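Each remark here refers to the structure printed beneath this line.
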Amino acid sequence: MCRIVAKKELAPTVKSLTIDAPLIAKKARPGQFIIIRIDEKGERIPLTIADLDVLQGTITTIFLEVGKTTKHLGSLNDGDVLADLAGPLGKPTEIKKYGKVICVGGGVGVAPLYLEAKALKDAGNKVISIIGARTKELLILEKEMRRISDELYITTDDGSRGHHGFVTDVLQGLITKQKIDMVLAIGPTVMMKAVAKMTKNYNIKTIVSLNPIMVDGTGMCGTCRVTVGGETKFTCVDGPEFDAHLVDFEELMNRQRTYLEEEKVALERWERCHH
Amino acid sequence: MGKVSSLKKQPMPEQEPEKRIRNFDEVALGYGAGQVVSEAKRCLQCAKPGCVQGCPVGIDIPAFVKCIAEENFDGAIEVIKKKNNLPAICGRVCPYEDQCEKFCVLGKKGEPVGIGRLERFVADDERKKGMRVPEKANASSKKVAIVGSGPAGLTVAADLAKLGHDVIIYEALHKPGGVLVYGIPEFRLPKEIVGAEIEYVKQLGVVIQTDVVIGKTITIDELRGEFDAIFIGTGAGLPHFMNIPGENLCGIYSSNEFLIRTNLMRAYKFPEYDTPIKVGKKVAVVGAGNVAMDSARVALRLGAKDVFIVYRRSEKEMPARAEEIAHAKEEGIMFKVLTNPIRMVGDENGWVKKLECVRMKLGESDKTGRRRPIPIKGSKFALDADTVVVAIGQKPNPLIAKTTKGLRITEQGTIWADKNGKTSMEGIFAGGDITTGTATVIEAMGAGKRAAMAIHEYISQ
Ligand SMILES: Cc1cc2nc3c(=O)[nH]c(=O)nc-3n(C[C@H](O)[C@H](O)[C@H](O)COP(=O)(O)OP(=O)(O)OC[C@H]3O[C@@H](n4cnc5c(N)ncnc54)[C@H](O)[C@@H]3O)c2cc1C
Ligand SMILES: Cc1cc2nc3c(=O)[nH]c(=O)nc-3n(C[C@H](O)[C@H](O)[C@H](O)COP(=O)(O)OP(=O)(O)OC[C@H]3O[C@@H](n4cnc5c(N)ncnc54)[C@H](O)[C@@H]3O)c2cc1C
Ligand code: SF4
Ligand code: SF4
Ligand code: FES
């Protein structure tokens, strides 16, 4: 059982929970994730560790309410407990000095991006960040990202803040103007796919953090398998970060849609009981 | 009941096939009290019983069978529990035809004594009355960490706790039990029974910490600093895939995913439980071991219309227990033997719709003594399937091997250990599927027993 010690609303559908997890806080490194289960009947879902506090023994996760489990999670408050929390899972990001890096975050992908961008900055890289969202209410961690970035660009799909358009528009402008040593992109799969396609033309090393459906998160089930460079990999143990230019994004997006009907049923059932 | 024992075992009462394929309740219902006594009376009480040597944990079989024949069920379970902490489980899932019963003298002329069924009866009888917790030795002040809560880990834990040691089990998943909870389906092994036997282990003083992934949350090296000895019983949980084109289409499961969703996450109760599973009308299960039979029978209960086993050898070579194959057939599972999938084909939405296969013939015997399957040229054909379960075996979970420097690993990926479970590292022991590859519950427990003795000796020095 893990206690929630703080809850924040970053946007109407984006919440942050800080959870007591001393063992995990001690071990976690940027890029790793946890698996949570809310209660006895709940499913196991993966969430990235967005921040941690070793002294307090807590970790923070930021999530977008998209379906039954994340909405349920968003309805919990400080003092509530989760049935299960396991981690830190997956391989940490490879943090080293690349030179000039661009960190691209889309939507709630900015949450996992933050720790990694910060670590890249601490490792002596020049960090240029682009963060985007559908609309300005959904922009998260702007202040935090600004603090650790040498340059920060903002985009919104509806133009309510920053550049009117996609993160890739800004990325295109930046990579044509200067030599970039590495791009790190975390966000919706379509965004990561678009980034990968663009940077491939310029031959810039690009890393993405994949989010397939998972169950155990420890390498036992193969639900999270993705094709990378023609080989099947398990995202939970071999990833979640991979060389973007080798990932079969079509297959990933296809597999993410496996349970669309069931997800709808689960959500409707939950909303009926809780509204 | 005269002197001449019947040549046949008392038959096991079972749920009718037409009924049971619509529920997840136990298929075998267990002997009644009269039946169990009649069955026990068949035993000849041999002076040199063959049966005992066939039991990996060495239960005094004639002694407990004698108690049953005298209607002393409490006495019977007491004899069993001296050697076996999980009898209700073993009485259900032991492949006894290859173990104790294989060596029963009655087996020469007719059917052996139904040892497994007798064991099951007295274990169930005790559970209904309330389990007694045995006396423990005085506390020893020695601490042992156990990694993994499958049958191997639970056995080591229970034995060491009885000897007075402080024992903590670390389990990666949210429920203890290993394959007993995530793999073997409810209709063969009800989870309530596994829960009760685990409760017994806890009452011995064993602490179980779930959600701790050793190698990630805590490393083996860190455990070494805190404990006097460590036992690794992490099983063989890494699924094999076929590595053929199309295997990552939607609708294709590893048997582990299929069974974990159903058993551990209770997807058969979706949407009451949150985890979904999707089974279409035509389900192909690739492989013919026990895991394949379990997957096929689960698929049927999840509402599939046609379920078939696709196997590249013939029925004779099938690794599954005869009893499981018979159960599967009774339930209407079809068998496509001498058939090997070479490609999975999807529809326009990326969902599997066909298995492209070739027909096989059997050639010379290979190293394992089974005849090698050879593809027949020009025999390509397609099988319709909208769900596929790949059940072709599991490998040892590599997490600990990868995160523990100095631990000797074999070419097969198993942790190297001697027959008492000693690994290449001082104070670290291992046993069960992680050292042997996929085997059986009772063999994992046997390995656990030997390791517990070796650990006891090691920490008592
Ligand atoms: C390594 C990893 C890290 C992640 N980190 C974050 C994060 O920091 N913040 C965040 O908001 N989201 C994160 N996600 C995604 C998050 O896990 C899903 O949004 C969540 O599982 C959706 O569950 P639901 O019941 O609310 O929605 P559902 O309605 O069940 O599903 C919505 C969509 O989420 C995906 N999904 C469903 N079930 C799972 C599952 N068990 N595992 C993974 N994806 C699933 C599917 O593509 C689905 O279409 C991460 C995913 C992965 C794999
Ligand atoms: C579907 C299926 C059906 C079977 N049917 C039968 C049967 O009818 N009869 C029979 O005798 N045998 C059967 N078997 C085989 C039998 O279940 C196994 O041989 C036995 O469970 C092995 O026990 P174990 O303790 O070695 O490992 P497991 O039961 O695999 O348990 C290992 C445990 O360790 C945990 N673990 C793994 N890595 C870590 C880590 N890094 N940190 C913490 N915990 C970890 C796992 O989560 C798991 O709970 C079946 C197997 C399967 C898969
Ligand atoms: S534990 Fe298994 S092998 Fe041993 S006596 Fe019981 S059924 Fe037979
Ligand atoms: S070998 Fe068979 S008959 Fe002889 S003691 Fe064992 S169970 Fe009884
Ligand atoms: S989530 Fe099960 S193997 Fe990755």
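The values are calculated or read from the model by the stated rules, or taken from the named source; none is laboratory data. Predicted model, so just to flag it, every value in this text is computed and none were measured. Heads up, the Cβs are rebuilt from the backbone with ideal geometry, glycines too, and the neighbour counts pull from every protein chain shown. In case anyone asks, the SASA skips ligands and DNA or RNA and just uses the protein heavy atoms, side chains included. Shrake-Rupley method; radii C 1.70, N 1.55, O 1.52, S 1.80 Å.
Projecting the Cα atoms of B:VAL27, B:CYS357, A:THR227 onto the charge dipole of the protein assembly as shown (Cβ charges, centred on the Cα centre) puts B:CYS357 farthest toward the positive pole. DSSP beta bridges confined to chain A are antiparallel in about 60 percent of cases. Counting only DSSP beta bridges whose two residues both lie in the protein assembly as shown, roughly 50 percent are antiparallel. Each DSSP beta bridge with both residues in chain B is either parallel or antiparallel, and the antiparallel ones are about 40%.
In peptide B:272-281, how many Cβ atoms from other protein chains are near each Cβ within 10 Å, on average?
Mean number of neighbouring Cβ atoms from other chains: 5.
Charge tally around B:ARG343: other residues with Cβ under 11 Å, Lys/Arg +1 each, Asp/Glu -1 each, net 0. For helix A:260-274, report the angle its Cα long axis makes with the longest principal axis of the Cα atoms of chain A; keep it between 0 and 90° and round to the nearest 10°. Rounded to the nearest ten degrees, it is 50. In this simple spin-label approximation, A:GLN178 and B:ALA28 carry label points 7 Å from Cα along the Cα→Cβ vector, and these lie 7.1 nm apart. What FRET efficiency do you get for A:ASP122 and B:THR219 if R0 is 25 Å and r is their Cβ-Cβ distance, rounded to the nearest 0.05? So the FRET efficiency works out to roughly 0.55. Computed over protein heavy atoms with a 1.4 Å probe, the accessible surface of the protein assembly as shown works out to 42 Å² per residue.
Among A:ARG161, A:ARG257, A:ARG134, the largest mean-square fluctuation in a Gaussian network model of chain A (Cα springs under 10 Å) belongs to A:ARG257. For the peptide B:249-257, the mean number of other protein chain Cβ atoms found within 10 angstrom of a residue's Cβ is 5.
With respect to chain A, whose longest principal axis is taken over its alpha-carbon atoms, helix A:167-177 is tilted by about 30°. Pairs exceeding 25 Å between alpha-carbon atoms, taken from A:LYS26/A:LYS179; B:LYS83/B:LYS108; B:LYS202/B:LYS405; B:LYS281/B:LYS329; A:LYS233/B:LYS419; B:LYS82/B:LYS402: A:LYS26/A:LYS179; B:LYS83/B:LYS108; B:LYS202/B:LYS405; A:LYS233/B:LYS419; B:LYS82/B:LYS402. Computed from the C-alpha gyration tensor, the three semi-axes of the ellipsoid equivalent to chain A are 28, 21, 20 Å, from longest to shortest.
Helices of chain B meeting both criteria, an alpha-carbon length of 20 angstrom or more along the long axis and an average Kyte-Doolittle score not below -1.0, with helices taken as full DSSP H segments, are B:441-460.
If you model the range B:239-295 as an ellipsoid using its alpha carbon gyration tensor, with each semi-axis the square root of five times an eigenvalue, the axes come out at 21, 13, 11 Å, biggest first.
Could you give the dipole magnitude of the range A:93-204 about its Cα centre, charging the beta-carbon of Lys and Arg +1 and that of Asp and Glu -1, in debye to the nearest 20?
Numbers: 17 positive and 12 negative charges, 59 e Å.
Magnitude of the dipole: close to 280 debye.
Using a/c under 1.5 as the rounded threshold, could you call the range B:29-157 rounded, prolate or oblate? The axes a ≥ b ≥ c are square roots of the C-alpha gyration tensor eigenvalues, and prolate needs a/b larger than b/c, oblate otherwise. Numbers along the way, then the final one.
Values: a/c = 1.99, a/b = 1.58, b/c = 1.26.
Taking the square roots of the gyration eigenvalues as a ≥ b ≥ c, the range B:29-157 is prolate.
Can you tell me the order of A:263-269, B:362-368, A:247-253 when each peptide is scored by its average per-residue count of other Cβ atoms within 10 angstrom, highest first?
Packing proxy ranking, top to bottom: A:247-253, A:263-269, B:362-368.
Scattering from the protein assembly as shown was approximated by placing one identical point on each alpha carbon and applying the Debye formula without solvent; log10 I(q)/I(0) at 0.06, 0.07, 0.11 1/Å stands at -0.40, -0.54, -1.24.
Of the Cα atoms belonging to the range A:2-89, the radius of gyration and Dmax stand at 11.7, 33 Å.
Using only the Cα atoms of the range A:118-275, build the gyration tensor, take square roots of its eigenvalues as a ≥ b ≥ c, and label the shape rounded, prolate or oblate: rounded if a/c is under 1.5, else prolate if a/b is larger than b/c, else oblate. Oblate, since a/c reaches 1.5 and b/c is not below a/b.
Under the classification rounded if a/c is under 1.5, otherwise prolate if a/b is larger than b/c and oblate if not, where does the range B:301-361 fall, given a ≥ b ≥ c as square roots of the Cα gyration tensor eigenvalues? It comes out oblate by the Cα gyration axes. Solvent-accessible area assigned to carbon and sulfur over chain B amounts to 50 percent, based on a 1.4 Å probe.
Here the Karplus relation 6.51 cos²θ - 1.76 cosθ + 1.60, evaluated at θ = phi - 60°, turns the backbone of the range A:15-23 into coupling constants of 10, 10, 10, 9, 10, 5, 7, x, 4 Hz, with x for every Gly and Pro. From the alpha carbon centroid of the range B:389-419 to that of the range B:28-42 is 41 Å. Cross-link pairs exceeding 25 Å in C-alpha to C-alpha distance, out of B:LYS102/B:LYS395; A:LYS177/A:LYS197; A:LYS121/A:LYS143, comprise B:LYS102/B:LYS395.
Projecting the Cα atoms of B:ILE77, B:ILE59, B:HIS240 onto the charge dipole of the protein assembly as shown (Cβ charges, centred on the Cα centre) puts B:HIS240 farthest toward the positive pole.
Using only the alpha carbon atoms of chain B, find the Kirkwood hydrodynamic radius as the inverse mean reciprocal pair distance, in angstroms to one decimal. About 23.3 Å for chain B.
Amide H contacts of B:ILE376 (H built 1.01 Å from N, in plane; Pro and chain starts excluded): B:ARG359, B:MET360, B:LYS361 sit under 5 Å, all sequence-distant by 5 or more or on other chains.
Per-atom-type breakdown for chain A gives carbon and sulfur 50% of the accessible area (1.4 Å probe, protein chains only). Label sites at B:GLU426 and B:ALA139, each approximated as a point 7 angstrom past Cα along Cα to Cβ, lie 2.8 nm apart. Enter the Cα centre distance for the pair the range B:340-376 and the range B:199-227, rounded to the nearest angstrom. After rounding, the separation between the Cα centres reads 42 Å. Within the shell defined by Cβ-Cβ distances under 10 Å, the residues around B:ASN248 carry a net charge of -1, with Lys and Arg each +1 and Asp and Glu each -1.
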